[in-house]
1. So what's the gap between the Cα centers of segment A:328-344 and segment A:280-301, to the nearest angstrom?
2. Grab the Cα-Cα distance for A:Ala15 and A:Phe584, subtract it from 0.36 nm times how many residues apart they are, and report the gain in nm with one decimal.
3. What is the set of long-range amide H partners of A:Met71 at a cut-off below 5 Å, with H atoms built 1.01 Å from backbone N?
4. How much of the pair distance distribution for chain A lies past 50 Å, counting alpha-carbon pairs only, in percent?
5. Using protein chains only and a probe of 1.4 angstrom, how many square angstrom of A:Phe496 are accessible, to the nearest 10?
6. How would A:Glu472, A:Glu348 rank on accessible area, largest to smallest, probe 1.4 Å?
7. Quick check on segment A:110-214: take the gyration tensor over C-alpha atoms, sort the square-rooted eigenvalues as a ≥ b ≥ c, and tell me if it's rounded (a/c under 1.5), prolate or oblate.
8. Which whole-number percentage describes the relative contact order of segment A:22-115, with Cα contacts under 8 Å and a sequence gap of 6 or more?
Amino acid sequence: MNYSLTILILLIPFASFLFNGLFGMKLKPVIAGLIGTVGLGLVTLLSYLTAWQYFFVDGMVNGSFPKLIAMTMDWIKFSDFLTVRMGILLDPISVMMLVVISTVSFMVHIYSLGYMKGEKGFQRFYAFLSLFSFSMLGLVLATNIFQMYIFWELVGVSSFLLIGFYYTKDSAVAASKKAFIVTRFADLGFLIGILLLSYFTKTFDFSALTGTDQSIFANAAGVSFLGMSVMTWAALLIFMGGAGKSAMFPLHIWLPDAMEGPTPVSALIHAATMVVAGVYLVARMFPVFYFQAPEALTVVAYVGGFTSLFAAVIACTQHDIKRVLAFSTLSQLGYMMLALGVSGYGGEEGVGYMASMFHLFTHAMFKALLFLGAGSIIHAVHSNVMQDMGGLRKHLPVTHATFLIACLTIAGVPFLSGFFSKDEILVAAFHHDKLLFAIEFLVAGLTAFYMFRLYFNIFWGQDKHYHHTPHESPKTMTIPLMILAFGSIFAGYIPFSKLVTSDGVPFESHMNFAIAIPSVLIGLLGITIAWILYKKETAIPERISKSLGGFYTAIYHKFYFDELYIFITKKVIFNYISRPVAWFDRHIVDGTMNGIGWLTMASSKKVRNLQSGNLPQYGMVFVLGAIILVLVFAFII
Amino acid sequence: MLQGIPIASVLIVSSFMFFAGVCGFIIRRNMITILMSIELILNAVNINMVVFNKFLFPDQLQGHFFALFIVGIAAAEASVAIALVINIYRRLNSISVDKVNEMKY
């Protein structure tokens, strides 16, 4: 029952960030990289030990997994009620996230030793990776919502720094700013939500908020605003923060652009870990959503469902392989959100919750694998665009094999991990809402289609004109691929329903063949269509896209959402809100201040003339003064 | 010596001298000229001293003595002032008061 070592999980990456950030430039790049990697290796080891101890050594207390506070301290104390604490909370989802984050982060650290070799700012890259790992681990271990918010922002800033890693490239700079501004905008909602929630409940602590004692919400009962109860508002605003980080529609626009960052970063931050923070947040606050704001949970489900469909459709048309993967990430995140939204609480009812966490776990494995594989491909052919690739299966055997495994996993082929988690989500959706089930069923087919479109385009077909013969990546890159492929295959056999559930009580989940078989079939259908269209390069895809005409163009341009946002911000907000505000600032606020300054200066200029140093003037003043005094004495007194 | 001269005439002369001095003090730029103006002012005062003594207290001599003191002080003052002017001239190559405004800084 001793988790005192867990503090090291946070301190090691932080120390390595400080060290690499301050002294990295004086070190050889390889040494800086090794410091980060070894540190993360230790963290991974500690995470596994913690998970082992939590799940299997200490196990359940009174038939459920407990919420343990491994460490806590007062960080800022304003008053007895308002105290910001920092601590470490261990419960099934945080321990599971520890494993996910440390594994993927460790793989990415190793992979980057090869991928980023010779890049300018290699040490800086590792410093930022450590910072990110520190903040993400702090986020999942947070004991209270305020600590989570602090690490939430740290995660945001490390994402900003890493997207803008190639800061000499305009597009990377623009993408990093876009990601930061969009998520910050969402975080504003998150902050308001936190304040609303804790104003009424008088607590930040997750243990109190998500505990069985519902009396803390008594203050909020009957308080409503615009026809919705205040807890619904709080939950929706908190979900807005989660939607921003998890790139849910309509805040999804930053994620595809975030692919401007180095590929390992995309794998770590924008596929496996940071973007699931939003899902994690909703899961963390799940009892609040379920008991206090069921309407908000419906919103979560529909936003998730819509995003998954929307993103899957767009993914079918993109040419940049990283963008296809980005939209696929969006779509899978939509799945997770939807699963949470349709979930009930406790035991068998909470299958959606369990499925969401399960899918989060398996998705982290296969999506990180897909991105790292894409990185390996990009490394070999020096291009992101699908048309520049073809026939690569002969040149990149390891990448090809692992990529194929990942594609099969995400397509939901039986006995790979994606199959199990996706099946659970479909079961949860089926029992809750038939419409959402239909959407997810369709998306399962689309997912298989666009992934295999990608696969066939890259690895089959004719060789293209390459700068040099593509060659397999070095060992540092292929070994993480193999490890993650192993994870993608076998992660599905972890008995999640026994470990991670909504109330900590394990239950027995079983395959629902009535749902599993059709979902496998539609996945296979998607793969077959992709096979027919893309295995050999034919003119059919082009003809299909031509026949769809305007619809295809609209999808290709991501339904013009970027253009719409630019129109709204540039034409509407700039002209009708920002400009008047700027005018007010410049003329009224600054005007007052400048006026005071000008007044002081002008009066001192006048007063200065009294001390001119000009003797005759002094004499003149003296004489005039004497005359005036004489007149005064003579005539008035 | 002042027999037959009315006090008003003498006072008119001394007032004229006084204001001529004040005027010169203010208007002129040359420091030597300013010193001369100051002498004019002092001597106008001296005349007043003597005249008022003569007409108001003919049997006393305080006014006369005071006038002598003023003459002495004026001489001392002139010597100091001339020394200052010479030093200023050495420093600035000019004896115009316009140039002597460094002290304001």
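The values are calculated or read from the model by the stated rules, or taken from the named source; none is laboratory data. This one's a predicted model, so the numbers in the text were calculated from it and none came from an experiment. A quick note on method: Cβ atoms are made from the backbone with ideal geometry, for glycine too, and the neighbour counts reach across all protein chains shown. The accessibility values were calculated without ligands, DNA or RNA, using every heavy atom of the protein model including side chains. Shrake-Rupley method; radii C 1.70, N 1.55, O 1.52, S 1.80 Å.
1. 13
2. Working: separation 569, 0.36 × 569 = 204.84 nm, distance 4.59 nm.
Roughly 200.2 nm would be gained on extension.
3. A:Ile88
4. On the way: 36572 of 202566 pairs.
Result: 18 percent of Cα pairs exceed 50 Å.
5. Approximately 10 Å² for this residue.
6. Details: A:Glu472 45, A:Glu348 105 Å².
These residues rank, largest area first, as A:Glu348, A:Glu472.
7. Details: a/c = 4.68, a/b = 2.01, b/c = 2.32.
Oblate, since a/c reaches 1.5 and b/c is not below a/b.
8. Working: 72 pairs, mean separation 32.2, N = 94.
Relative CO of segment A:22-115 lands at 34 percent.
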